[in-house]
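The values are calculated or read from the model by the stated rules, or taken from the named source; none is laboratory data. Just so it is clear, the structure is predicted and the values come from calculations on it, not from any experiment. So basically every Cβ, Gly included, is an ideal-geometry build from the backbone, and we count neighbours across all protein chains shown. Heads up: the accessible areas ignore ligands, DNA and RNA and are worked out on the full protein's heavy atoms, side chains in. Shrake-Rupley method; radii C 1.70, N 1.55, O 1.52, S 1.80 Å.
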Amino acid sequence: ARFHGNPPSGRWALAGQRPPLAAMFADGTASGADVESLWRSARSAHCEVKSCQTGKISTAEAAVQSHTSQDAGVQTDQSEDAVQDFQQEVQVDYTSLLSFLQRVEDAVIKELNKNSKSRAFDGFEVNWTDQNKTVSCLHTLSYPEAQDQNLQVTSVSWNATGSVVACSYGRLDSGDWSTEKSYVCTWNLDRRGLNPQRPDLVVDVPSSVMCLAFHPSQPSLIAGGLFSGELVVWDTSRTEDPVIWRTGMTDDTHTDPVYQVNWLPDTKHRNHSRLLSASTDGRILVWREERAGWLGLAEGFAVVAQQIPRSTRLKKLTRGEAAVGVTSLSFSHFDPRLFVVGVEGGYSLKCSMAAQTLALRGTSSSVPLRAPAELAFSPHAGPVYSVSCSPFHRQVLNLFLSCGTDGQVHLHSMLQSQPLISLQLSRKYLFCVRWSPVRPLVFAAASGEGVHLFDFEKSSQKPAVSMKQGEGDCPVYCLEFNTKHTRLLAAGDAAGTVRVWQLSSDFTEQGSKEMSLLEQLASESTD
């Protein structure tokens, strides 16, 4: 027989019967047994012999500082003997001092009286800032993608804080301007890690941007005039869709490129602003904000050849109703209604926002256009590209500068047609002229050769300093002084770069007699 498991035993086996389960499995308790491990003791002995570690190391914690502290001075104590010795050394012989002062009293008083009447230090003011005697290039900014397209810097502008500079890219030479893509770029010069070739903001524009102007008090708003004739306002704080207002292409929109844009205060709504645009189509238009991000025409002017006042000293203008292309514009700092425009025919025109005479113009417009011209000034030998009104001189004379393709700068008074001074500043075109915001006798001009700084106090015939913008004769098309940080001057050129120049103290510190010198210069020229 085969058994699966253990064979049965005991009495149940003898009887040939299976034992009951209760008998097979019963509870019981057996005493434990200990078996000593020979492997563990042998392994322990083996480890003691072969171990590479040292025996057990005893450790204890202890503080490294002392339990008590005490302040101690680093200077030695001064003994009473030393104090007495010092006092003895500084004792003054007052009798001898009094005798000396009595002997020199008359001579000192005489010299003081003489100095009080001297004019040697008239106009001298103490300047505690570091003196910089040279003009240096602080930054060279560019946008490589625009340079790859051979685009040029057409305009520059500083924002209200003076920390951000913006430039527009476009073309001032031949090319299909109407369809060429361009850019508006901004750099914050106060930002850490400024990358000159990576603008903080780049705005793609479907048409060449010809001019820019930051809002005078809102640092993030900037307006631009396009080659297409449209006017656009961007909010630089909105990176995804910065366009907030635009004129669109309507019957009121300019039909030629916009070469000048200015912000104007809105007299009816203090929280709003108006925009003025000038174009070579002969129109000067004022726009106001409307709903849904559109700009609507508020008022407008048209410069027509037939309505320009003539002077017997000036050559005759073309007769007829032909529009006169406006290339530049500058407002008087003393009369907000008064402004000067430069035109393609070489003239500068004194104009008024208060003009009421309707313009002789057949072009349709949603508002009646008025004729603003009041006086025509002696012309340049070519188109006028820039005008700039003086921010300093009294309202009696209202001086302004003009420049053009003849390379000359004219200093004018708004009271007479003939220029006070004519300066042959360059043999190449002059594209821009700006009066210094801090020096009445200083102005800057951009030419086909570079940047020129002129100081009437040093010379009335030649620039005080001329700076090359790049290698060779790289034309400079635009420049702007920084009115907040007055040592900075931004200039944009044909190579697509913007250079920020740091001016020397000679061009930024006004002397006490500068205003009188300017008045004297103007009066002598008038006589």
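Per-residue answers, yes or no, for (1) open to solvent by less than 20 Å² (accessible area, probe 1.4 Å); (2) assigned to a strand (DSSP E or B):
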{"site": "VAL341", "(1), (2)": "yes, yes"}
{"site": "LYS350", "(1), (2)": "no, yes"}
{"site": "VAL367", "(1), (2)": "no, no"}
{"site": "ALA381", "(1), (2)": "no, no"}
{"site": "SER386", "(1), (2)": "yes, yes"}
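Of these, PHE377, PHE400, PHE334, which one is of a type outside the set (Val, Ile, Thr), within 36 Å of the chain's Cα centre (by Cα) and modelled with pLDDT under 90?
Of PHE377, PHE400, PHE334, the one residue that is of a type outside the set (Val, Ile, Thr), within 36 Å of the chain's Cα centre (by Cα) and modelled with pLDDT under 90 is PHE334.
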| remark: Residues of segment 322-339 being of a type in the set (Gly, Ala, Ser) and not in a loop (DSSP other than H, G, I, E, B), in sequence order, are ALA323, SER328, SER330
| request: Test LYS133 against the criterion of being at pLDDT below 95, open to solvent by 60 Å² or more (accessible area, probe 1.4 Å) and in contact with a helix residue (DSSP H, G or I) (Cβ under 8 Å, 6 or more places away or on another chain), and give yes or no. | output: yes
| If GLN418 passes every condition in (1) within 26 Å of THR161 (Cα to Cα); (2) in contact (Cβ under 8 Å) with a residue 40 or more places away in the chain but one, which one does it miss? | (1)
| task | With the condition kept exactly as written, say whether any residue in segment 312-319 is part of a strand (DSSP E or B), at pLDDT below 95 and open to solvent by 10 Å² or more (accessible area, probe 1.4 Å). | result | no
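From the list GLY496, GLY492, GLY404, GLY448, exactly one residue is touching a Cys at 6+ places or on another chain (Cβ under 7 Å) and open to solvent by less than 10 Å² (accessible area, probe 1.4 Å). Which is it? Spell out the reasoning first.
Details: GLY496 fails: touching a Cys at 6+ places or on another chain (Cβ under 7 Å); GLY404 fails: touching a Cys at 6+ places or on another chain (Cβ under 7 Å); GLY448 fails: touching a Cys at 6+ places or on another chain (Cβ under 7 Å).
Result: GLY492 is the single residue among GLY496, GLY492, GLY404, GLY448 that is touching a Cys at 6+ places or on another chain (Cβ under 7 Å) and open to solvent by less than 10 Å² (accessible area, probe 1.4 Å).
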| note | SER168 passes all but one of the listed conditions (1) over 22 Å from ALA491 (Cβ atoms); (2) in contact with a Gly (Cβ under 9 Å, 6 or more places away or on another chain); the exception is number (1)
| remark: Scanning segment 369-379 for residues that are aliphatic (A, V, I, L, M), part of a strand (DSSP E or B) and either open to solvent by 30 Å² or more (accessible area, probe 1.4 Å) or out of contact with any Gly (no Cβ under 8 Å at 6 or more places or on another chain) (or both) gives ALA373, LEU375, ALA376
| message | When you scan segment 148-157, do you find a residue that is within 13 Å of the chain's Cα centre (by Cα), touching a residue at least 24 places away in the same chain (Cβ under 8 Å) and assigned to a loop (DSSP other than H, G, I, E, B), even just one? | response | no
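Quick one: which strands (runs of 3 or more DSSP E) lie wholly within segment 161-280 and hold at least 3 residues that are within 27 Å of PHE339 (Cα to Cα) and touching a residue at least 24 places away in the same chain (Cβ under 8 Å)?
On the way: elements: 164-170, 182-188, 201-205, 209-214, 221-226, 231-235, 243-246, 258-265, 273-279.
Strands (runs of 3 or more DSSP E) meeting the threshold: 164-170, 209-214, 221-226, 231-235, 258-265, 273-279.
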| task | Scan segment 405-448 residue by residue and report those that are part of a loop (DSSP other than H, G, I, E, B) and closer than 20 Å to MET515 by Cβ. | result | MET414, LEU415, LEU420, SER436, PRO437, VAL438, ARG439, PRO440, LEU441
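Could you tell me whether segment 463-470 includes any residue that is closer than 18 Å to SER330 by Cβ, in contact (Cβ under 8 Å) with a residue 12 or more places away in the chain, open to solvent by less than 30 Å² (accessible area, probe 1.4 Å) and not charged (D, E, K, R)?
At the first step, the residues of segment 463-470 found to be closer than 18 Å to SER330 by Cβ are none.
Checked against the condition, which is being closer than 18 Å to SER330 by Cβ, in contact (Cβ under 8 Å) with a residue 12 or more places away in the chain, open to solvent by less than 30 Å² (accessible area, probe 1.4 Å) and not charged (D, E, K, R), segment 463-470 yields no hits at all.
Any residue at all in segment 204-226 that is among the charged types (D, E, K, R), more than 21 Å from the chain's Cα centre (by Cα) and open to solvent by 10 Å² or more (accessible area, probe 1.4 Å)? So that I can check it myself, show each step before the final result.
The first filter runs over segment 204-226 and keeps only residues among the charged types (D, E, K, R), leaving 204.
Within this subset, residues satisfying the condition of being more than 21 Å from the chain's Cα centre (by Cα) are none.
No.
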| query | Can you pull out the residues in segment 390-401 that are in contact with a Ser or Thr (Cβ under 8 Å, 6 or more places away or on another chain) and either buried (at least 21 other Cβ atoms within 10 Å of the Cβ) or without any contact (Cβ under 8 Å) to a residue 12 or more places away in the chain (or both)? | reply | LEU399, PHE400, LEU401
| said: I want to confirm something. Restricting to segment 186-198 and keeping residues that are touching a strand residue (DSSP E or B) at 6+ places or on another chain (Cβ under 7 Å) and within 15 Å of ASN159 (Cα to Cα), which single residue is surrounded by the fewest Cβ atoms within 10 Å (Cβ to Cβ)? | reply: ASN188
